[in-house]
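**Student:** Next up is a structure, given as structure tokens.
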Amino acid sequence: MIAQIDTITTQIATNDYIQELLLSEVDGAETPFSARQSLLSILGSYQSYVLGIKALELYSNDYSRLFPLNDIPLNDTIDQEWILAADRGKGELVWLGIDPGDPSSVLALKRVSLVDRWFSSGGFLMLRLDKAYFQFDEQIGGEAGESILLVDTNQQPITTNFNLDSGLDLAQLLGNQEKNISINGSDYIEVKQYSETTGWTLVFFTPVSYVTNGISTLRTAILVSGAIGVLLFLIMSLILSTTITRPIFKLIKAMRGARFGVLQPNPMFSNTMEINELNNSYNQMVENMNELIRVVYEKEILQSRTELKALQAQINPHFLFNTLEAFYWSLEEKGEEELANLVVSMSSLFRYTISTPNQDEWVTIEDELAHIRRYLQLMDIRLADRLTWSIDASEFKHLKIPKLLIQPLVENAIRHGVENMEGPGKVTISVEAANRDGYVRITVRDNGPGMDEDTLRDLWQAMEGGKVVSSKGTGVGVVNVRQRLRLYYDSVSGGRHELEVISRPGEGTSVSFEIPSEYGGPL
């Protein structure tokens, strides 16, 4: 109730119209009669929110009344000390208590601060509330025979269910420092509660006879309840111990099986939350271990296949390099520099590609892009100068990645993009900071014919099914790249490195993925 009134007064004090009216008063302008009349509808709308408000009065900073439409100043209505208290409150609602001129009303005063004048004083808002608004519910203290008294800061009673006309000395009741007090021959326990918000005091008088009534019955009930409680405790202890130990023995049995290599979850359910949590943690551990074993197994298989392909490609590599070197010097002697450079690029390309996986498995982005440049130079000659490219990775050139992680994407961009164009084609490779902190985004984009929805859907289904699609030359396919991303980065990025393929017919294709910028090196 008090909070509701405080909210209403705050809304009134910050009303734009009232702020402007008081601001003009502070500036020395005289408020016209029509402006004061407008306050009737404004204040009336707020007054309707709380049934207990009898009247709202607005005063200027020099205490002259702006509403209602009479000229009784504020300092003639209440004491000057209350005005000063409201001014010191700086907008806090000050509860004055019973109106000396109207005992049926309760007064409250609030200083209106001007927002546009650094919250300086602009006037005062006074509330007149119906004293009956504070009446207690008839049911309060009914069975206990309690009496309740609410007094203001001047010790004037606001509401009570006492008969104050029976000769009670109110000052004696309020000044009593003892917990027990005698009223009209009856003993009461007195409890006082002071309100910091209003400054009022609420006093409860509870009959001693009501408090002490039924102590013997209570004592007997306590003894009987204690005996029943001990019996129930023994029974529940037996049930609880059985409930706890049985699931634990089952879990121990499952753990012993894990010691012999049987990693199976324990399909047990217990009514005990802690036992369930322990069992769930064990099952999660088993699941994680099985998943780790599966990932390591797949990685070993993939690495074995890669090694096999590398071994197949290493049929006397020194002979191949020596032959290419002989071609190079022969072309140099004939002045065929372009073809000689082409042979050098091919030699470097083969040397980078057919090195064993255990040898330089992780390379810098700078090395990977140098390999890609050599590959692009060869493809440019093959496509009769129809190929152009752009590479931007200066900021992250020292970041390490698995070898041949980007080249298959470039190979696919040329094979499925540029080769299918009639005119010139372009491949763009960018390595830049991702939108999320700590990640690098690598993108390979071409301006080829793109893919329709059916082709793109088939590609996604192939990747989801884990089918390795090998492409020409040294590329290991988009699906293979996706698998390698999972194997190398699952443990550090939580699956947030997935390939993102964007393609539209006639607009080219873009393939990108994100990897951690602080990670790079053998697992």
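The values are calculated or read from the model by the stated rules, or taken from the named source; none is laboratory data. This one's a predicted model, so the numbers in the text were calculated from it and none came from an experiment. Note that we place each Cβ from the backbone using ideal geometry, even for glycine, and neighbour counts take in every protein chain shown.
**Student:** So is residue 259 loosely packed, with under 10 Cβ neighbours inside 10 Å and under 30 Å from residue 286 (Cα atoms) or not? Can you show your working first?
**Tutor:** On the way: loosely packed, with under 10 Cβ neighbours inside 10 Å: yes; under 30 Å from residue 286 (Cα atoms): yes.
Against the criterion (loosely packed, with under 10 Cβ neighbours inside 10 Å and under 30 Å from residue 286 (Cα atoms)), residue 259 qualifies.
**Student:** Which of the residues spanning the stretch 65-94 are surrounded by fewer than 11 Cβ atoms within 10 Å (Cβ to Cβ), among the acidic types (Asp, Glu) and in a loop (DSSP other than H, G, I, E, B)?
**Tutor:** Result: 71, single match.
**Student:** For the stretch 223-243, state whether one or more residues are exposed (fewer than 13 other Cβ atoms within 10 Å of the Cβ) and either within 30 Å of residue 187 (Cα to Cα) or assigned by TED's automatic domain parsing to the domain that holds residue 483 (or both).
**Tutor:** Scanning the stretch 223-243, I find at least one residue that is exposed (fewer than 13 other Cβ atoms within 10 Å of the Cβ) and either within 30 Å of residue 187 (Cα to Cα) or assigned by TED's automatic domain parsing to the domain that holds residue 483 (or both), so the answer is yes.
**Student:** Would a scan of the stretch 421-439 turn up a residue that is crowded, with 16+ Cβ neighbours inside 10 Å and at pLDDT below 90?
**Tutor:** Narrowing the stretch 421-439 to residues crowded, with 16+ Cβ neighbours inside 10 Å: 421, 425-429, 431, 434, 439.
Imposing the further condition that a residue be at pLDDT below 90 reduces the set to 421.
Scanning the stretch 421-439 turns up at least one residue that is crowded, with 16+ Cβ neighbours inside 10 Å and at pLDDT below 90.
Here is a yes/no grid of residues against (1) without any contact (Cβ under 8 Å) to a residue 24 or more places away in the chain; (2) in a strand (DSSP E or B); (3) under 30 Å from residue 285 (Cα atoms):
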| position | (1), (2), (3) |
| --- | --- |
| 181 | no, yes, no |
| 192 | yes, yes, no |
| 199 | no, no, no |
| 210 | no, no, no |
| 226 | yes, no, no |
| 247 | no, no, yes |
| 250 | yes, no, yes |
| 254 | no, no, yes |
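**Student:** Which ones in the stretch 474-485 are at pLDDT below 85 and either within 34 Å of the chain's Cα centre (by Cα) or surrounded by fewer than 16 Cβ atoms within 10 Å (Cβ to Cβ) (or both)?
**Tutor:** Listed by number, the residues that qualify are 483, 484.
**Student:** Looking at 354, 372, 315 in this structure, which one is of a type in the set (A, V, I, L, M), in contact with a helix residue (DSSP H, G or I) (Cβ under 9 Å, 6 or more places away or on another chain) and modelled with pLDDT under 70? Can you show your working first?
**Tutor:** Details: 372 fails: modelled with pLDDT under 70; 315 fails: in contact with a helix residue (DSSP H, G or I) (Cβ under 9 Å, 6 or more places away or on another chain).
Step by step, each of 354, 372, 315 is checked, and only 354 is of a type in the set (A, V, I, L, M), in contact with a helix residue (DSSP H, G or I) (Cβ under 9 Å, 6 or more places away or on another chain) and modelled with pLDDT under 70.
**Student:** For the stretch 36-45, give me each residue that is crowded, with 16+ Cβ neighbours inside 10 Å and hydrophobic (A, V, I, L, M, F, W, C).
**Tutor:** Correct list: 39, 42, 43.
**Student:** If only one of 55, 29, 3 is among the aliphatic types (A, V, I, L, M), surrounded by fewer than 18 Cβ atoms within 10 Å (Cβ to Cβ) and in a helix (DSSP H, G or I), which one is it?
**Tutor:** Details: 55 fails: in a helix (DSSP H, G or I); 29 fails: in a helix (DSSP H, G or I).
Every option except 3 fails the conditions.
**Student:** Can you tell me which of (1) loosely packed, with under 11 Cβ neighbours inside 10 Å; (2) under 41 Å from the mean Cα position of the chain (by Cα); (3) of a type in the set (S, T, N, Q); (4) farther than 24 Å from residue 132 by Cβ is the one residue 48 doesn't meet?
**Tutor:** Result: residue 48 passes all but (4).
**Student:** Looking at 205, 233, 249, which one is within 30 Å of residue 160 (Cα to Cα) and of a type outside the set (Gly, Ala, Ser)? So that I can check it myself, show each step before the final result.
**Tutor:** Numbers: 233 fails: within 30 Å of residue 160 (Cα to Cα); 249 fails: within 30 Å of residue 160 (Cα to Cα).
From the options 205, 233, 249, the qualifying one is 205.
**Student:** Kindly check whether there is at least one residue in the stretch 156-168 that is part of a loop (DSSP other than H, G, I, E, B) and modelled with pLDDT of 85 or more. Don't jump to the end; show me each part of the working.
**Tutor:** Going through the stretch 156-168, the residues part of a loop (DSSP other than H, G, I, E, B) turn out to be 156, 161-163, 167-168.
Those left that are additionally modelled with pLDDT of 85 or more: none.
Checking the stretch 156-168: not a single residue is part of a loop (DSSP other than H, G, I, E, B) and modelled with pLDDT of 85 or more.
**Student:** Let me ask another. Is it the case that residue 454 is surrounded by fewer than 19 Cβ atoms within 10 Å (Cβ to Cβ) and either touching a helix residue (DSSP H, G or I) at 6+ places or on another chain (Cβ under 9 Å) or not in a helix (DSSP H, G or I) (or both)? First the steps, then the outcome.
**Tutor:** Numbers: surrounded by fewer than 19 Cβ atoms within 10 Å (Cβ to Cβ): yes; either touching a helix residue (DSSP H, G or I) at 6+ places or on another chain (Cβ under 9 Å) or not in a helix (DSSP H, G or I) (or both): no.
The answer is no for residue 454.
**Student:** For residue 261, state whether it is at pLDDT below 75 and not in a helix (DSSP H, G or I). Please lay out each step first, then the result.
**Tutor:** Details: at pLDDT below 75: yes; not in a helix (DSSP H, G or I): yes.
In short, yes.
**Student:** Also, I was wondering about something else. Name the residue that is farthest from residue 65 (Cα to Cα), counting only residues in the stretch 96-146 that are at pLDDT below 85 and among the charged types (D, E, K, R).
**Tutor:** Looking at the filtered set, the residue picked out is 143.
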